Amino acid sequence: MKISLKKATTVIVAFFMLFSSCNVAFSNETAYAADTNVTSCNEIGKTYYGFQLTSVKDMPKVNSTVMQFTHVKTGAKLMYLKNDDTQRVFDISFRTPTSDNSGVNHIIEHSVLDGSKNYPVKSPFQQMLKSSLGSFINAMTGADYTTFPAASTNEQDLKNLMGVYLDAVFLPNVTTDPNIFKQEGWRYDLPSKDSALSINGVVYNEMKGDYSNPQWLLRNAVNQSLFPDTSYKWDSGGNPENIPSLTRDQLISTYKKNYTPSNSYIYLYGKLDIGQYLQYIDQNYLSKFDKVNVDTSVKAEKSLSNIPDKIASYPVPKDGDTKKKTYLSLNFVTGDIGDKETNTALTFLNYLLMGTDNAPLKKALTEKGIAENVSSSFSMNGIQPVFSINATNSDESSKEVFEKTIFDTLKNISKNGFDKDFLKSALESYDISDRSEKLTTPMLGGNGLVLSQTALSTWVYDKDPTMYFDTSDIMEKIKKSDSNKYFTSLIDKYLISNNYHSMVVLKPEAGLESKTTEATAKKLADYKNQIGETGVNSLLKNTQDFNAWQKSGDSKEALETLPKLSLKDIKPELPNLSYKVESQSGMKVLTHNADLNGLSNISLYFDTSKVPQDKLHYLSLLSSLLGNVDTKEHSYDQLSNEMLQYVGSTISFTPSAVSSNKDPNNYSPKLTVSLLAPDENISKSLDLTEEIINDSQFTNKQRIKQIIEQNKSALQATLTSGSGAAAIMRMSSYMSESGRYSEELTGLSYYKFLQDLDSNFDSKWDEISKNLNDIRKLAFNRDDLIATYSGNENTSETFKNELSSISPKINSQVLPQQKYTFAQPDKNTAFSSTAKVQTIIQVGDFKKAGYTYSGKMMVLQNVLDNGYLWNKVRTTGGAYGVQSALSPNGEVILASMRDPNLKETLDAFQGTVNYLKNFQATDSEMTNYIIGAIKSFVNLKSSGPLEESSLCDSMYLTNSSVNDLLNYEKEALSTTPDDIRNYGNMLDQVLKQNIYFAEGSADKIEQNKQLFNEIIDMQK
């Protein structure tokens, strides 16, 4: 996986919740130091197990003591964050600057995980997916480094993972087995002499997916414009057009240069005995190497000026609409990653300028009507940070207006300052956000993973890795200064007077993808003709030999080398999921005691079953407008300031279908109002909520049109990004009533509704305004309202008192409940686009086949994900990601992502039946599958108090309980091979329901059009 457009940790968590979770273990023979206590490794300058302690620093902000070591023999750097967190983390990284578009570092990242000297199986990564309790196990390639992090709440599991990762990076089989390069990087595929020659490979297909995404292409164009003489002009992930230029010899040479301890950065975090880890790392790996001089330094671009505009293109279909489909981006290089104060201040300035709809620069750009959506970012993902201002769905002709509006607005702010109330509220929102930061740490990897990636942002440039662990000192300095003057000076220096900036235009080109596809096909056909019969026979044999290698299994002896957990190592602990439900003024009030760092988590679930079916689209539109338009008491600007000051962000309004845990056709339409506010601000926050609900004004035509355009643009980006969102939404709407309801709110039909409103806004204005007011009255009703509170037990009384105060102001009229009768959409639907690869989903209902849910299905899912689907669809087929899911509601899902195939994958899904019917597993293998399956229970305790509060709400709303979780776990622990074999009959009946959906390449879908009842062009 390559690190994506935004901060590495965000992408890591968002993607791999779906497609990864890998585990590895140490062998039983692993030797650790006996009773070496961490407190004995605290003398600066002293050497412990080959590592010299160079610094010790207490950092209360991250609740850790930071200990930095240098390995004497090799020069390897190691940092340990000592604390009591049981969500432990190991990470090893290498500095790997990019020198071309071949994706060599990305392919190495994948390849080293495909077997090593001490773990000689074809994929320890995949094998350990089956059996680890790891909350996060993966690897990522960025522009300047490659990193291999693992996290687990089980310490033995972390030791196992660390051992396998160290073996993978220092002793990988990729240097001796040429098939690994072919599998992970690229290879020629020629199934028969008469077949068309093609290219396949996991990274190759992954990057074909990225190069279908305009946002990715825009990022590349920006880097090329700003950094023409450094490594940042290249794509570290690899360009699919250039990946086939990479040779295996080049890969091995790059590996040998970069993957040495002298170029490594090792990170440990959590409650552990550091002496044991130092000894293991030194004795088993680092001591076997010597220090080498390797130049992997990252060069900064010299300051540039008068950079010419960069014009680039992205594909739309031959007959696709190109009007208002252009991206505009103005980008400033602002200095050096080591300037902590400037970068912290620019991060906040980004928020001040563009972070809310009433932020002055965003407001100015929006009011100019230059684009349907505008945004900004301050990227610290390199040695030279970049401040970018972007416009989406614009026209190339708007470039000058876009740039002029930006500079005019910045000059006005520089002269007159920010609105004082806005600046005051924004600074107060920072304090609230600071309090909530630890509560919102992602469950996968926890705070330790976030800090590991934060450290790398400076560590690989030979700067203090703890630099950005705590930026509160900078913010305190700003708040104590003349804040307006501080930020206007920043604007003057780094934006207005900064000549090191570029303008990038990414415009649509109709038919570009077809041209690229045809050119690639011609190039391959020409090559096949040029090599003659001898060359064709060689390719044919290479393909056959490679396929045979892929199909070969690991020996029992090789599998036994992998470290394993046993069931006695498993100590699942459920978090605090207790709550109390009371009746209050006709409402149900749920309270859950939790330590939320002085914050209160509040949700109001309004029953929206009174909204007529033909007005559901307006319910979704209403939700996006609330809090973003004027009220009777406040202008939108004032309201935004109030929310920032008292809530720290916005108050969110989200419509949804809350379905029963066991029956998706039994659902309750809800509009959820959510806020996370300081305890002392509960009264004011709920007063603001009541004001927004009752007094929002839908009279400002310009503002409402802006929001409609923003919603349309955002949904368009989701549906056309190649993420599979359209196929997933259609699958859900086909399978259940709740899915059909949700599709009305967020799917393709809602997108078409927004298109219609946008195109006919003036003629529909009266209708729009009336419907919004009518739906507001129907949606917000005290009847069947459920209010939930999580936080301090004493503060809960304040919440209930304030709820009693505002509840009489909420409409209590008894209204008739609507009956919804949605038409079931077609099954076997394809969504075509300019994507180069596919998302493929097959789905069915095991309840219709006469089965009921059991925790054993969690183990079945692990067997499918990390057994059959991984081997057949990912390894052999070349798909980047595979996944199955079995839900208590009866749904069975088999899916692939960034898949070069279509029919072949659907055929592979059919093969699950025979695979399961003939499933064999030893006791040890079965234990591995069970452990991997129940990791979600084991890790639940570490999910944090905010997630616990959400789980309490969910259990109450879906009529589920802790006992359900305990029963599922008990059933999973008792799973046998016979249980898995018996599920073969269930899968047989489910797949015979013949329900599937696909999203991807228009050409691939056209070639397989006989498979589909309906083909929808997503670019129209």
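Taken together, the values in this text are just the output of simple stated rules run on the coordinates, not laboratory data. Only a predicted model underlies this, so the values are computations on that prediction, with no experimental measurement involved. Here the Cβ positions follow ideal geometry from the backbone for every residue, glycine too, while neighbour counts run over all protein chains shown.
The figures follow:
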| read-out | value |
| --- | --- |
| Three-way shape call for region 654-739 based on the alpha-carbon gyration tensor, with the a/c threshold at 1.5 | oblate |
| Of 541/992; 324/777; 712/941; 291/438; 82/568, those spanning more than 29 Å from alpha-carbon to alpha-carbon | 541/992; 324/777; 712/941; 291/438 |
| Of 706, 303, 243, farthest towards positive along the dipole that unit charges on Lys, Arg, Asp, Glu beta carbons give the chain | 243 |
| Reach of residue 340 by Cα under 16 Å, taken over aspartates and glutamates that are not fewer than 8 positions away in the same chain | 462, 464, 470, 473, 476 |
| 20 Å tail of the calculated P(r), region 298-384, as % of Cα pairs | 54 |
| Length added when fully stretched, residue 198-residue 767, from 0.36 nm per residue minus Cα-Cα | 199.4 nm |
| Backbone N under 14 Å from the residue 65 label point (7 Å along Cα→Cβ), restricted to region 247-281 | 270-275 |
| Nearest-20 debye value, the chain charge dipole, Cβ charges on Lys, Arg, Asp, Glu | 1300 |
| Beta bridge orientation in the chain: antiparallel %, DSSP, nearest 5 | 80 |
| Dipole magnitude of region 148-272, debye to nearest 20 (Cβ charges: Lys/Arg +1, Asp/Glu -1, about Cα centre) | 180 |
| Separation between Cα centres of region 41-80 and region 859-877, rounded to whole Å | 41 |
| Convex hull volume per residue in cubic angstrom - Cα atoms of region 814-878 | 217 |
| For a label point 7 Å along the Cα-to-beta-carbon line of residue 1006, residues of region 829-858 with backbone N under 14 Å | 832-835 |
| Within-13-Å neighbourhood charge of residue 81 [Cβ basis; K, R +1; D, E -1] | 0 |
| FRET efficiency for residue 819 and residue 959, using Cβ-Cβ distance with R0 set to 22 Å, rounded to 0.05 | 0.55 |
| Label-to-label distance, nm, for residues given as residue 581 and residue 804 (7 Å Cα→Cβ offset) | 2.2 |
| Part-to-part distance (alpha-carbon centres) for region 946-1012 and region 502-578, which is given in Å | 25 |
| Euclidean distance of C-alpha centroids, region 604-678 and region 342-404, integer Å | 27 |
| Total lysine pairs whose alpha carbons fall under 22 Å of each other in region 120-262 (8 or more apart, or interchain) | 11 |
| Entries in 61/117; 271/480; 411/1020; 564/970; 872/935 that, when Cα-Cα distance is taken, lie over 32 Å | 61/117; 271/480; 411/1020 |
| Residue 907-residue 994 pseudo-label distance in nm [points 7 Å out on the Cα-to-Cβ vector] | 1.8 |
| Dipole of the chain, positive end: most advanced residue of 563, 807, 196 [Cβ charges, Cα centre] | 196 |
| Highest to lowest packing among 686-694, 955-963, 721-729, 610-618, scored as the average C-beta count within 10 Å | 721-729, 686-694, 610-618, 955-963 |
| Descending semi-axes in Å of the chain, equivalent ellipsoid built from Cα gyration tensor | 42, 35, 33 |
| Equivalent ellipsoid, region 714-869 (semi-axes from 5 times Cα gyration tensor eigenvalues, Å) | 36, 28, 17 |
| For peptides 471-480, 157-166, 844-853, sequence by mean Cβ density within 10 Å, most packed first | 157-166, 844-853, 471-480 |
| Cα lying deepest toward the dipole's positive end in region 209-256, options 230, 212, 254, charges on Cβ | 254 |
| Globularity index of region 766-848, i.e. its alpha-carbon radius of gyration over 2.2 N^0.38 Å | 1.89 |
